[in-house]
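**Q** Shown below is the structure under consideration.
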Amino acid sequence: MSERDLVVHLARFAGALRAGGVRVSLSDEIDGAIALTLVDLLDRDEVRRALLVSLRIRPGDRATFEELFHRFWIEGVVSPHHPAAMMRVVEPVGAAGAPRPSPVVSARVSENSPASRQDEPEPEGGIPGYSPEALLRKKPFDECTPEELEEMERLLASLSVKLATRKSRRLAPTRGPGVVDLRRSFRRAVGAGGELRWLARRARVVERPNLVVLCDTSGSMDTHAQFVLAFMLSLERVAKRVELFAFNTSLTRLTVRRGKGRRGEMGGGLARFAAEVPDWSGGTRLGECLADFVERYAAPLVDSKTTVVIVSDGLDRGDPEILIRAMRAIRSRAWKVIWLNPLLGDPRYQPLARGMEAALPFVDRFAPAHNLESLERFITRLEVA
Amino acid sequence: MRPEIRALQEALAGEGYIAEPAIATALFLAQEMNKPLLIEGDAGVGKTDVAKVLARVLGTELIRLQCYEGLDVNTALYEWNYQRQLLRLRIAERDGQDPSQLEDLIFGREYLLERPLLRAITRREGPAVLLVDEIDRADDGFEAFLLEVLSDFQVTIPELGTIKAEHVPYVVLTSNRTREIGDAVRRRCLYLDIPHPSLEKEVRIIRTKVPGVSERLADQIARFVQALRGRRLARSPGVAETIDWAQALTRLHQDRLDPETVRETLGCLVKDRRDIDELSDAELSALVAQTAEAAAG
């Protein structure tokens, strides 16, 4: 295989990886081409290892890579179709035989490369035999006047802002109180002939933490579906980095449309989220869903700067041990775990929630959120720290 | 396998690091392509050791930057030695010199405290190995700053001007995956994921690192640890823990595993109280019996 053929082959391979959902950018591809010039091409394993390193294949994409590698580099089967656009960028590098892309090339590549992987395919249609709008209409919250609903939205917005704020450990110059900043103080002193006349100070910066919100959408939460939805929508508006999940019998990661949507546009958001969540108002498998979250998403999404908010009534029919394990794992990774329970304080609510009891030791803040008053009280006590 | 990669693998082994071909290939490519290497993996799989042993193989200095939340440019790059500057000013004052004319002097190189990144760039004796450890702990702001340094290996200090690297260092970044590393950094680096070692590799590591250990014990230890990893503990033991444990067991003159000793020394291996509580005596005995059987068969 000539060097040129090799580059073509690599481009097809990369195209197949992309089609398989693996994020491979054009700069990865260029690095792959360079790496192939540096290794023993007759040694399949070495080619495989070189491509793993240079295409930056993450552990999660390993299986797809292995499968396609086998097809492309061992069986030699190549799909006849490949985007020609890809070739235009790769070719100059191969042709020039340059050991490294020139800055110009890489600059152009980064401009051309798709910024992110294609949008996830939209889930198709709604769930047959179920209409969240119809459900909502039956709910007590629907008895609220429009003014009251507006009030709820306003409160949720301020809750979202508070949740989305956190004091960083990073220190930044401040005019107010703070620790003495020797660097800046001395710097002034040096300018003033060694006279230390003024002490500069630094204080912790208030920054926006990452938010991960898990909302219970099972049947027992139906009465509060409106609350849950309004909460999700208001978070979407204010938080910079928020990840939304819905769970009932299974866990669904929701597509977040940042900064979109305006207040009072509940309907659109409702339809959008509802389309994504299978089995809305079905049963609950709280423990299993949280365990699934830990397994699949905790590592990349939850870190010491992340606030995890769980909105659920804590009703769980499963093994509490599973829930405890999951909560412990979340607690050990997250900066703060907050549990909002819309059913707490509701006279019809029977506190039989085994799951809730099991999860409580791992929660930093546990608050009822069944009506406007409780929500307001929670927000005022939630300090920024 | 390309001879250079094999040679590198052997050199790493010579320094006591058992490297799979994947690790040797990644290091070779990073050197040849002049790119930083980003290594991800669970705690204790030997990410940091890759950089340490690479420095020894290359016979160069290892410069380490430990990341933490709140790490800032003053700690990572440079700081002026204010105390010395002030002292110099006082002396000038006593001698009746005009302090304002001293500015060039006190903002000279000898008043500059070099922090790891600057030191890696200004090292004259040849390229160093720069280890940026646990990059996932630093904030994303620092990541962006690091990206700038890694892309052109030059640093601008307002009072001094731009300092360009004498030799471009070999850069190794490690991450425990507590958060996703930004795409920009990822794209700038080559990428290596180090999984927990295979049974054979772990046996070899134990035998290399703990000379007094018998073959049978090393085999049993490795099997036991691998079985524990399969049990999904809150904190899975890494290779570092395996080595600690093997050392403890040889100090106790054990030549095979028995449930009592395992229970007594479990703290070397499992470092989470809840995990220790969860492993019942019966389960430990079963694991020991199972590993003894597998090792014999």
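The values are calculated or read from the model by the stated rules, or taken from the named source; none is laboratory data. Remember, it's a predicted structure, so these values are computed and weren't measured experimentally. Positions of Cβ are generated from backbone atoms using ideal geometry, with glycine treated the same way; all protein chains shown enter the neighbour counts. Surface accessibility is based on the protein's heavy atoms, side chains included, excluding ligands, DNA and RNA. Shrake-Rupley method; radii C 1.70, N 1.55, O 1.52, S 1.80 Å.
**Q** Can you say whether B:Ile243 is touching a helix residue (DSSP H, G or I) at 6+ places or on another chain (Cβ under 7 Å), under 30 Å from A:Ala299 (Cα atoms) and loosely packed, with under 15 Cβ neighbours inside 10 Å, as far as the supplied structure shows? Before the answer, list the steps.
**A** On the way: touching a helix residue (DSSP H, G or I) at 6+ places or on another chain (Cβ under 7 Å): yes; under 30 Å from A:Ala299 (Cα atoms): yes; loosely packed, with under 15 Cβ neighbours inside 10 Å: no.
So B:Ile243 fails the test.
**Q** Could I ask something else about it? For segment B:19-49, name all the residues that are assigned to a helix (DSSP H, G or I), of a type in the set (D, E, K, R) and more than 8 Å from chain A (Cβ to nearest Cβ). Steps first, answer last, please.
**A** Of the residues in segment B:19-49, the ones assigned to a helix (DSSP H, G or I) are B:21-33, B:47-49.
Now restrict to residues that are of a type in the set (D, E, K, R): B:32, B:47, B:49.
Answer for segment B:19-49, where residues must be assigned to a helix (DSSP H, G or I), of a type in the set (D, E, K, R) and more than 8 Å from chain A (Cβ to nearest Cβ): B:Lys47, B:Asp49.
**Q** Which one of these does B:Leu252 not meet: (1) in contact with a Leu (Cβ under 8 Å, 6 or more places away or on another chain); (2) open to solvent by 40 Å² or more (accessible area, probe 1.4 Å); (3) not aromatic (Phe, Trp, Tyr)?
**A** (1)
**Q** Okay, next question. Name the pairs: first residue in segment A:289-306 and on the phi < 0 side of the Ramachandran plot and within 10 Å of another protein chain (Cβ to nearest Cβ), second residue aliphatic (A, V, I, L, M) and surrounded by fewer than 19 Cβ atoms within 10 Å (Cβ to Cβ), Cβ to Cβ under 6 Å, at least 6 apart or on different chains?
**A** From residues that are on the phi < 0 side of the Ramachandran plot and within 10 Å of another protein chain (Cβ to nearest Cβ), there are no pairs.
**Q** Can you tell me which residue within segment A:1-26, out of those that are buried (at least 20 other Cβ atoms within 10 Å of the Cβ) and within 23 Å of B:Asn34 (Cα to Cα), is farthest from the other protein chains (Cβ to nearest Cβ)?
**A** Going through the qualifying residues, I end up with A:Ala11.
**Q** Right, here's the next one. Report yes if B:Leu118 is within 14 Å of chain A (Cβ to nearest Cβ) and surrounded by 14 or more Cβ atoms within 10 Å (Cβ to Cβ), otherwise no. Give the derivation first.
**A** Values: within 14 Å of chain A (Cβ to nearest Cβ): no; surrounded by 14 or more Cβ atoms within 10 Å (Cβ to Cβ): yes.
Here the answer is no, as B:Leu118 does not meet what is asked.
**Q** Check off (1) assigned to a strand (DSSP E or B); (2) under 22 Å from A:Ile34 (Cβ atoms) for B:Leu54 and give me the number that stays unchecked.
**A** Failing condition for B:Leu54: (1).
**Q** Hey, among A:Val78, A:Val89, A:Val39, which residue is surrounded by 19 or more Cβ atoms within 10 Å (Cβ to Cβ), modelled with pLDDT under 85 and more than 29 Å from the chain's Cα centre (by Cα)? Lay out the reasoning, then the answer.
**A** Numbers: A:Val78 fails: surrounded by 19 or more Cβ atoms within 10 Å (Cβ to Cβ); A:Val39 fails: modelled with pLDDT under 85.
On inspection, the qualifying residue turns out to be A:Val89.
**Q** If we keep just the residues of segment B:158-190 that are among the small types (Gly, Ala, Ser) and in contact with a helix residue (DSSP H, G or I) (Cβ under 7 Å, 6 or more places away or on another chain), which is most open to solvent (accessible area, probe 1.4 Å)?
**A** The first filter runs over segment B:158-190 and keeps only residues among the small types (Gly, Ala, Ser), leaving B:161, B:165, B:175, B:182, B:184.
Those still in the list that are in contact with a helix residue (DSSP H, G or I) (Cβ under 7 Å, 6 or more places away or on another chain) too: B:165, B:175, B:182, B:184.
On the way: B:Ala165: 26, B:Ser175: 1, B:Gly182: 25, B:Ala184: 51 Å².
Ranking the qualifying residues of segment B:158-190, first place goes to B:Ala184.
**Q** Could you count how many residues in segment B:126-142 are within 13 Å of another protein chain (Cβ to nearest Cβ) and buried (at least 18 other Cβ atoms within 10 Å of the Cβ)?
**A** Step one: filter segment B:126-142 for residues within 13 Å of another protein chain (Cβ to nearest Cβ), giving B:134-142.
Among the residues that remain, those that are also buried (at least 18 other Cβ atoms within 10 Å of the Cβ) are: B:134-139, B:142.
Final tally of qualifying residues: 7.
**Q** Please work out if B:Arg88 is among the basic types (Lys, Arg) and part of a helix (DSSP H, G or I). Walk me through how you get there before you give the answer.
**A** Working: among the basic types (Lys, Arg): yes; part of a helix (DSSP H, G or I): yes.
Criteria met by B:Arg88.
**Q** Right, here's the next one. Which pairs turn up if I take residues in segment A:179-191 that are at the interface with chain B (Cβ under 8 Å from one of its Cβ atoms) and look for partners that are open to solvent by 60 Å² or more (accessible area, probe 1.4 Å) and assigned to a helix (DSSP H, G or I) with beta carbon separation below 7 Å, at least 6 apart in sequence or on another chain?
**A** Sorted first by the residue in segment A:179-191, then by its partner, the list stays empty.
**Q** Considering only segment A:307-338, how many residues are in contact (Cβ under 8 Å) with a residue 12 or more places away in the chain, within 30 Å of B:Ala138 (Cβ to Cβ) and either open to solvent by less than 50 Å² (accessible area, probe 1.4 Å) or part of a helix (DSSP H, G or I) (or both)?
**A** Going through segment A:307-338 one residue at a time, the tally reaches 16.
For (1) charged (D, E, K, R); (2) over 22 Å from B:Arg64 (Cα atoms), each residue gets a yes or a no:
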residue: B:Glu79; (1), (2): yes, no
residue: B:Gly96; (1), (2): no, yes
residue: B:Leu112; (1), (2): no, no
residue: B:Ile121; (1), (2): no, no
residue: B:Asp140; (1), (2): yes, no
residue: B:Val149; (1), (2): no, no
residue: B:Phe153; (1), (2): no, no
residue: B:Tyr170; (1), (2): no, no
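**Q** I've got another one for you. Taking the residues in segment B:268-278 that are over 26 Å from B:Ser214 (Cα atoms) and not acidic (Asp, Glu) as candidates, determine which candidate is most open to solvent (accessible area, probe 1.4 Å). Walk me through it before giving the result.
**A** The first filter runs over segment B:268-278 and keeps only residues over 26 Å from B:Ser214 (Cα atoms), leaving B:272-278.
Narrowing further to those that are not acidic (Asp, Glu): B:273-274, B:276.
Working: B:Arg273: 164, B:Arg274: 85, B:Ile276: 48 Å².
The selected residue is B:Arg273.
**Q** So how many residues does segment B:191-204 have that are of a type in the set (Lys, Arg) and open to solvent by 40 Å² or more (accessible area, probe 1.4 Å)?
**A** Narrowing segment B:191-204 to residues of a type in the set (Lys, Arg): B:201, B:204.
Right, trim to open to solvent by 40 Å² or more (accessible area, probe 1.4 Å) and you get B:204.
The qualifying residues number 1.
**Q** Quick one: is B:Ile106 touching a residue at least 24 places away in the same chain (Cβ under 8 Å), crowded, with 19+ Cβ neighbours inside 10 Å and either within 14 Å of chain A (Cβ to nearest Cβ) or over 19 Å from A:Arg56 (Cβ atoms) (or both)? Before the answer, list the steps.
**A** Values: touching a residue at least 24 places away in the same chain (Cβ under 8 Å): no; crowded, with 19+ Cβ neighbours inside 10 Å: yes; either within 14 Å of chain A (Cβ to nearest Cβ) or over 19 Å from A:Arg56 (Cβ atoms) (or both): yes.
Criteria not met by B:Ile106.
**Q** When segment B:263-297 is examined, which residues are found to be under 30 Å from the mean Cα position of the chain (by Cα), touching a residue at least 24 places away in the same chain (Cβ under 8 Å), more than 14 Å from chain A (Cβ to nearest Cβ) and in a helix (DSSP H, G or I)?
**A** B:Cys268
**Q** Right, here's the next one. Suppose the filter is at pLDDT 70 or above and under 24 Å from A:Cys289 (Cα atoms); does A:Glu236 pass it? Show your work before the answer.
**A** Working: at pLDDT 70 or above: yes; under 24 Å from A:Cys289 (Cα atoms): yes.
Criteria met by A:Glu236.
**Q** Given the conditions (1) over 30 Å from B:Asp49 (Cβ atoms); (2) in contact (Cβ under 8 Å) with a residue 24 or more places away in the chain, and given that B:Arg88 satisfies all but one, which numbered condition is not satisfied?
**A** All conditions pass for B:Arg88, except number (2).
**Q** Hey, another quick one. Inspect segment B:147-157 for any residue being more than 30 Å from B:Leu190 (Cβ to Cβ), more than 13 Å from chain A (Cβ to nearest Cβ) and either outside any loop (DSSP other than H, G, I, E, B) or open to solvent by 10 Å² or more (accessible area, probe 1.4 Å) (or both) and give the result as yes or no.
**A** At the first step, the residues of segment B:147-157 found to be more than 30 Å from B:Leu190 (Cβ to Cβ) are none.
No.
**Q** Hey, could you check segment B:65-103 for residues that are touching a helix residue (DSSP H, G or I) at 6+ places or on another chain (Cβ under 6 Å) and over 30 Å from B:Tyr170 (Cβ atoms) and say which is most open to solvent (accessible area, probe 1.4 Å)?
**A** B:Arg84
**Q** Every residue in segment B:66-103 that is of a type in the set (Gly, Ala, Ser), under 35 Å from the mean Cα position of the chain (by Cα) and facing another protein chain (nearest Cβ under 10 Å), please. Can you show your working first?
**A** Within segment B:66-103, the first condition is being of a type in the set (Gly, Ala, Ser), and the residues that meet it are B:70, B:76, B:92, B:96, B:100.
From what's left, under 35 Å from the mean Cα position of the chain (by Cα): B:70, B:76.
Passing the criteria: only B:Gly70.
**Q** Somewhere in segment B:54-61, is a residue surrounded by 23 or more Cβ atoms within 10 Å (Cβ to Cβ), at the interface with another protein chain (Cβ under 9 Å from one of its Cβ atoms) and of a type in the set (A, V, I, L, M, F, W, C)?
**A** No, segment B:54-61 contains no residue that is surrounded by 23 or more Cβ atoms within 10 Å (Cβ to Cβ), at the interface with another protein chain (Cβ under 9 Å from one of its Cβ atoms) and of a type in the set (A, V, I, L, M, F, W, C).
**Q** Just wondering, is there one or more residues in segment B:221-236 that are buried (at least 18 other Cβ atoms within 10 Å of the Cβ), among the hydroxyl-bearing types (Ser, Thr, Tyr), part of a loop (DSSP other than H, G, I, E, B) and out of contact with any strand residue (DSSP E or B) (no Cβ under 7 Å at 6 or more places or on another chain)?
**A** So far as segment B:221-236 goes, yes, one or more of its residues are buried (at least 18 other Cβ atoms within 10 Å of the Cβ), among the hydroxyl-bearing types (Ser, Thr, Tyr), part of a loop (DSSP other than H, G, I, E, B) and out of contact with any strand residue (DSSP E or B) (no Cβ under 7 Å at 6 or more places or on another chain).
**Q** Let me ask another. Go through segment A:27-65 residue by residue and tally those that are within 8 Å of chain B (Cβ to nearest Cβ), of a type in the set (Lys, Arg) and within 18 Å of B:Arg6 (Cβ to Cβ).
**A** 1
**Q** Given the structure, is A:Arg325 basic (Lys, Arg), more than 28 Å from A:Leu155 (Cα to Cα) and modelled with pLDDT of 75 or more?
**A** Numbers: basic (Lys, Arg): yes; more than 28 Å from A:Leu155 (Cα to Cα): yes; modelled with pLDDT of 75 or more: yes.
So A:Arg325 passes the test.
**Q** Of the residues B:Val168, B:Val210, B:Val203, which is farther than 30 Å from A:Lys305 by Cβ and within 14 Å of chain A (Cβ to nearest Cβ)?
**A** Values: B:Val210 fails: within 14 Å of chain A (Cβ to nearest Cβ); B:Val203 fails: within 14 Å of chain A (Cβ to nearest Cβ).
One residue alone meets the criteria, B:Val168.
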